[in-house]
Amino acid sequence: MRSVIGWLEQRFNLTEMFSFLTNFGLFPADLDTRLPLRDAIRESLERPMPSYARWPRVLGILALLLFAFLGITGVMLAFYYQPTPSQAYESVTILVRDVTFGWFVHQVHRWGAQLLLLILLARLWRFYFQGVYKAPREALWVVAVLMFLVAAQSDLTGRLLGWSAGGYWTSVRAMELLYALPLLGPVFAFLVGGSSIDSLVLLRFYFLHVVVLPGLLIGLFFINFSGVRRVGLSADPRERRGGSGVYQRYLFNLLILAVLILGGLVTLATLAPNPFEKPADPYSTPPGARPPWYLLASYGFMESFPAFVPRSARGFIVELILAACLLVPWIDRSAGRALRERRVAIAAGIVVLLAWAFFTWQGYRMESLR
């Protein structure tokens, strides 16, 4: 084995290759790419090695592992899916009904998407309330916000692909909301090919879902972990150790996390499967058709304005709120990360969280009352 590695190191920079791969959380320490791979790993292990697998920092690596499961199951689903309005529903039906364990892969993929969004959202709130966005981690906050937005867009594009009644009308309600945004709406309309759902929109949703948005998420994960390696994780006295066995324990922790995620997905897919709905009917709106849960707050907020307020003005306010979320590290000028030093920021965060919960309930309730 050593002779093979030595032969390869004479022809390739294995350390540089491994260093690139470790930017996805595989190895949470910097490597000296000038050294041979074994020497670089040995040298880095002599330094204290922080771990992503400790609470609450585990949320980032959990999101990456969930994304990996989504990628695997997504490839399996793509073998059978046909992205046309006439064949999309039938191809999913054949997958769920006739393909061995097709229903299981389909359910795992759907539940994995929801868990990924919940973890990314919890990670955002953790960053905010613990002040993780403070210098020099401002860019990590921006990346975390973008990761949630891209993951939400990926989930939204995936909902339409099954061409079921629920997925179709959820997409319609979401597109109505997005088109009300005066700046982002035209960009979204350009990407998906129009405001009405047809074969072109379905094909573009499919391309965005399987190529563009996963590629963006891979890039954001790379930027996130490479940034964490540059600025460092928050200090933990329990981790001030290095030497042999540290990396093995870290890999063992990653394996445990992967098994726990797989167990959770299997449990949800088996005990709480998403119902298989009837095919979409563009001329018949089912009762309770509403945007997906992560857009309900925006939907409830925009619908709470009086009728004389233009929808474009409501959408502009939503865009200002989104811009404020991205600029939080520069808006909060408090001195440190301790709670006593951030009383105003903590109070503002609690108010925003309560308002988000209230408008989410309002958005859900509005369609129930129609």
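The values are calculated or read from the model by the stated rules, or taken from the named source; none is laboratory data. Quick caveat, the model's predicted, so the values are computed rather than measured. Counting neighbours? That spans all protein chains shown, and the Cβs are built from the backbone with ideal geometry, glycine included. All accessible areas refer to the heavy atoms of the entire protein, side chains included, with ligands and DNA or RNA removed. Shrake-Rupley method; radii C 1.70, N 1.55, O 1.52, S 1.80 Å.
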Quiz item: Where residues in segment 48-59 are at pLDDT below 90 and within 15 Å of Arg126 (Cα to Cα), which of them is surrounded by the fewest Cβ atoms within 10 Å (Cβ to Cβ)?
Solution: Trp55
Exercise. Only residues that are touching a helix residue (DSSP H, G or I) at 6+ places or on another chain (Cβ under 8 Å), part of a loop (DSSP other than H, G, I, E, B) and more than 16 Å from Asn224 (Cβ to Cβ): list them for segment 129-138, please.
Key: Gly131, Lys134, Ala135
Exercise. Considering each of Val96, Val132 in turn, give the residue that is touching a residue at least 60 places away in the same chain (Cβ under 8 Å), of a type outside the set (S, T, N, Q) and closer than 30 Å to Arg333 by Cα.
Key: Val132
Self-check item: Filter result for the condition that a residue is within 20 Å of Arg290 (Cβ to Cβ) and open to solvent by 40 Å² or more (accessible area, probe 1.4 Å), over Arg159, Arg173
Solution: Arg159
Exercise. Starting from segment 340-357, keep only residues that are in contact (Cβ under 8 Å) with a residue 24 or more places away in the chain, then list their pairs with residues that are loosely packed, with under 13 Cβ neighbours inside 10 Å and part of a helix (DSSP H, G or I) whose Cβ atoms are within a distance under 8 Å, requiring at least 6 positions of separation or different chains.
Key: Ile346/Leu339
Quiz prompt | Subset of segment 152-197 that is polar (S, T, N, Q) and either in a helix (DSSP H, G or I) or at pLDDT below 90 (or both) - its residue that is nearest to Arg311 (Cα to Cα) | solution = Ser195
Practice problem: Of all residues in segment 97-116, count the ones that are open to solvent by less than 40 Å² (accessible area, probe 1.4 Å) and more than 22 Å from Leu65 (Cα to Cα). | Solution: 1
Practice problem: Having 1 or more residues that are exposed (fewer than 14 other Cβ atoms within 10 Å of the Cβ) is the bar; report the helices (runs of 4 or more DSSP H) wholly within segment 283-370 that clear it. | Solution: 311-326, 328-331, 343-368
Quiz prompt | Whichever residue in segment 129-151 is open to solvent by 30 Å² or more (accessible area, probe 1.4 Å) and over 9 Å from the mean Cα position of the chain (by Cα) and, among such residues, is modelled with the highest pLDDT | solution = Val142
Self-check item: Residue selected from segment 10-31 under the condition of a type outside the set (A, V, I, L, M, F, W, C) and more than 13 Å from Asn224 (Cα to Cα), by the criterion most open to solvent (accessible area, probe 1.4 Å)
Solution: Gln10
Practice problem: Answer yes if at least one residue in segment 114-128 is closer than 25 Å to Leu339 by Cβ, assigned to a helix (DSSP H, G or I) and basic (Lys, Arg), and no otherwise. | Solution: yes
Exercise. Consider only pairs whose beta carbons are under 7 Å apart and that are at least six residues apart or on different chains; among these, list those whose first residue lies in segment 77-90 and is of a type outside the set (Phe, Trp, Tyr) and whose second residue is surrounded by 13 or more Cβ atoms within 10 Å (Cβ to Cβ) and assigned to a loop (DSSP other than H, G, I, E, B).
Key: Pro85/Trp163; Ala88/Gln82; Ala88/Gly162; Ala88/Trp163
Quiz item: What are the pairs, 6+ residues apart or on separate chains, where a residue within segment 246-267 that is closer than 20 Å to Glu46 by Cβ and hydroxyl-bearing (Ser, Thr, Tyr) has its Cβ under 8 Å from a residue that is open to solvent by 30 Å² or more (accessible area, probe 1.4 Å) and assigned to a helix (DSSP H, G or I)?
Solution: Tyr247/Ile41
Exercise. Would you confirm whether any residue within segment 195-209 is more than 23 Å from the chain's Cα centre (by Cα) and closer than 15 Å to Gly158 by Cβ?
Key: yes
Quiz item: Do we find that Leu45 is at negative phi, aliphatic (A, V, I, L, M), touching a helix residue (DSSP H, G or I) at 6+ places or on another chain (Cβ under 7 Å) and open to solvent by less than 80 Å² (accessible area, probe 1.4 Å) in this structure?
Solution: yes
Practice problem: Identify all residues within segment 182-216 that are open to solvent by 70 Å² or more (accessible area, probe 1.4 Å) and farther than 26 Å from Leu70 by Cα; write none if there are none. | Solution: Leu183, Leu184, Pro186, Val187, Phe190, Ser195, Ser196
Quiz prompt | Selected residue [under 22 Å from Trp169 (Cα atoms) and within 24 Å of the chain's Cα centre (by Cα)] from Trp356, Trp293 | solution = Trp293
